[in-house]
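> Pasting a structure below so you can have a look.
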Amino acid sequence: GRPKGAMLSWRALSASAAASAARLGWRDDDAWLLCLPVCHVGGLSVLTRCLAARRPVILLPRFEPGAVLRAVVEQGATLLSVVPTMARALLEADASGALRRLRLMLVGGAATPPSLRAALAAHGVTALPSYGLTEACSQVATPSPGDTDVLGRAGDVGPPLEGVALRVVDGQGRPCAPGETGHIELQGPTLFSGYWGHGARAEGWWDTGDLGALSAEGRLSVAARRDDLIVSGGENVYPLEVEAALLGCPGVEAVLVFGVDDPQWGHAVAAGLVPRGGRVDDEAGWLGAVMACLRGVLAGFKRPRYVAVVVALPLLSNGKVDRRRALASLGPRLRPWAG
């Protein structure tokens, strides 16, 4: 679709910065390393948070793992915001343990699978998954730095920030029970004023377009964008859950799960898989090991029925996986898979 400009007031940006500070805290020696595009809300929010807190920003022209690690060591960066693909690249490049010098790493923009969270923790990195949107000035939900549940289930991003009202409702607008997946809606001072050229935003609850669930303790788990939901044989399949399971299998470096038309099931689950190192000598044997791994983790209807083994996935300019290009990019390479 055509891009829409979300109008963010200084009042909303200030409220977002204050809510983030209340959750993450500030130290006197904090300096935020910024390697995200400043034209995206993730990069913009780092600037506004640091301006509000009078803390320095270490600005890199682009993301490059070696440059990031050098900046951590040589310039004393303590905070870093990345998307999951960046976090994986940094882990692979960090032979010297530079990332352990960080106070916090925020991982957002896409789901952070439990396997990546565990790998970062094993490396000595305090990494917090974060859920946010442009329309909410970025950060909406993030665990506290001392949250012991941070390595929880796939999609768990902790409780919403202070001052951010969040609820999960069904298709008729009724509140969902704890743990029940529904529509994520927001209300509060961090929300945008409206879309440029489309008038002011209506007051009240705003539908994010995302699906998720709230636990009885108030923790948010994000399941999928509503448009990304796969309905296969009448069953709902959330791509993020399948991706998290695949990333926990041996030798899987990156994955993209999406739906394709299927004559029997209406839609079927498809996956683009990147092996660790970009290739494998015995592709059939490797896929067999991945299949065996999935059988103990996912129900049959959630396992991919089509697969493409590729060197790289389509990415957006901000490092996120490009789900909109998935079918065009990976579709011609898909083949049936008894996963």
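The values are calculated or read from the model by the stated rules, or taken from the named source; none is laboratory data. As the structure is a computational prediction, the values presented were derived from the model and not from experiment. Cβ coordinates were reconstructed from backbone atoms using ideal geometry, including for glycine residues, and neighbour counts include every protein chain displayed. These area figures cover heavy atoms from the full protein model, side chains too; ligands, DNA and RNA do not enter into them. Shrake-Rupley method; radii C 1.70, N 1.55, O 1.52, S 1.80 Å.
> Please verify whether the range 285-307 includes one or more residues that are of a type in the set (A, V, I, L, M), closer than 17 Å to Ala224 by Cβ and out of contact with any Lys or Arg (no Cβ under 6 Å at 6 or more places or on another chain).
yes
> Does Leu191 qualify as being touching a Lys or Arg at 6+ places or on another chain (Cβ under 8 Å), part of a helix (DSSP H, G or I) and either in contact (Cβ under 8 Å) with a residue 60 or more places away in the chain or among the β-branched types (Val, Ile, Thr) (or both)?
no
> Since Ala244 meets every condition but one in (1) outside any loop (DSSP other than H, G, I, E, B); (2) surrounded by fewer than 18 Cβ atoms within 10 Å (Cβ to Cβ); (3) in contact (Cβ under 8 Å) with a residue 40 or more places away in the chain, which condition does it not meet?
Among (1) outside any loop (DSSP other than H, G, I, E, B); (2) surrounded by fewer than 18 Cβ atoms within 10 Å (Cβ to Cβ); (3) in contact (Cβ under 8 Å) with a residue 40 or more places away in the chain, the lone unmet condition for Ala244 is (2).
> Within the range 22-37, how many residues are touching a residue at least 12 places away in the same chain (Cβ under 8 Å) and either part of a loop (DSSP other than H, G, I, E, B) or open to solvent by 30 Å² or more (accessible area, probe 1.4 Å) (or both)?
Filtering the range 22-37 down to residues touching a residue at least 12 places away in the same chain (Cβ under 8 Å) leaves 22-27, 29-37.
With the extra rule that they be either part of a loop (DSSP other than H, G, I, E, B) or open to solvent by 30 Å² or more (accessible area, probe 1.4 Å) (or both), the set shrinks to 22, 25-27, 29-31, 35-37.
Result for the range 22-37: 10.
> Another question about this same structure. In the range 152-170, is there at least one residue being small (Gly, Ala, Ser), assigned to a loop (DSSP other than H, G, I, E, B) and crowded, with 20+ Cβ neighbours inside 10 Å?
Keep residues of the range 152-170 that are small (Gly, Ala, Ser), which gives 152, 154-155, 158, 163, 165.
Now narrow it down to the ones that are assigned to a loop (DSSP other than H, G, I, E, B): 152, 154-155, 163.
Within this subset, residues satisfying the condition of being crowded, with 20+ Cβ neighbours inside 10 Å are 154-155.
Scanning the range 152-170 turns up at least one residue that is small (Gly, Ala, Ser), assigned to a loop (DSSP other than H, G, I, E, B) and crowded, with 20+ Cβ neighbours inside 10 Å.
> Please work out which residue is nearest to the chain's Cα centre (by Cα), limiting yourself to the range 116-146 and to residues that are part of a loop (DSSP other than H, G, I, E, B) and crowded, with 18+ Cβ neighbours inside 10 Å.
The residue in question is Ser130.
> Can you pull out every residue in the range 196-224 that is under 22 Å from Cys137 (Cβ atoms) and touching a helix residue (DSSP H, G or I) at 6+ places or on another chain (Cβ under 8 Å)?
Within the range 196-224, Trp206, Thr208, Gly209, Asp210, Leu211, Val222 meet the criteria.
> If you go through the range 132-139 one residue at a time, do you hit one that is at positive phi and in contact with a helix residue (DSSP H, G or I) (Cβ under 6 Å, 6 or more places away or on another chain)?
Yes: the range 132-139 contains one or more residues that are at positive phi and in contact with a helix residue (DSSP H, G or I) (Cβ under 6 Å, 6 or more places away or on another chain).
> Let me ask something else. Take Ala19 and decide whether it is surrounded by 14 or more Cβ atoms within 10 Å (Cβ to Cβ) and closer than 27 Å to Gly97 by Cα. Quick ask: steps written out before the conclusion?
Values: surrounded by 14 or more Cβ atoms within 10 Å (Cβ to Cβ): yes; closer than 27 Å to Gly97 by Cα: no.
When the stated conditions are applied, Ala19 does not pass them.
> May I ask you to say which residue of Leu229, Leu133 is hydrophobic (A, V, I, L, M, F, W, C) and either over 23 Å from Val255 (Cα atoms) or free of Cβ contacts under 8 Å to residues at least 40 places away in the same chain (or both)?
Numbers: Leu133 fails: either over 23 Å from Val255 (Cα atoms) or free of Cβ contacts under 8 Å to residues at least 40 places away in the same chain (or both).
Only one candidate passes the filter, namely Leu229.
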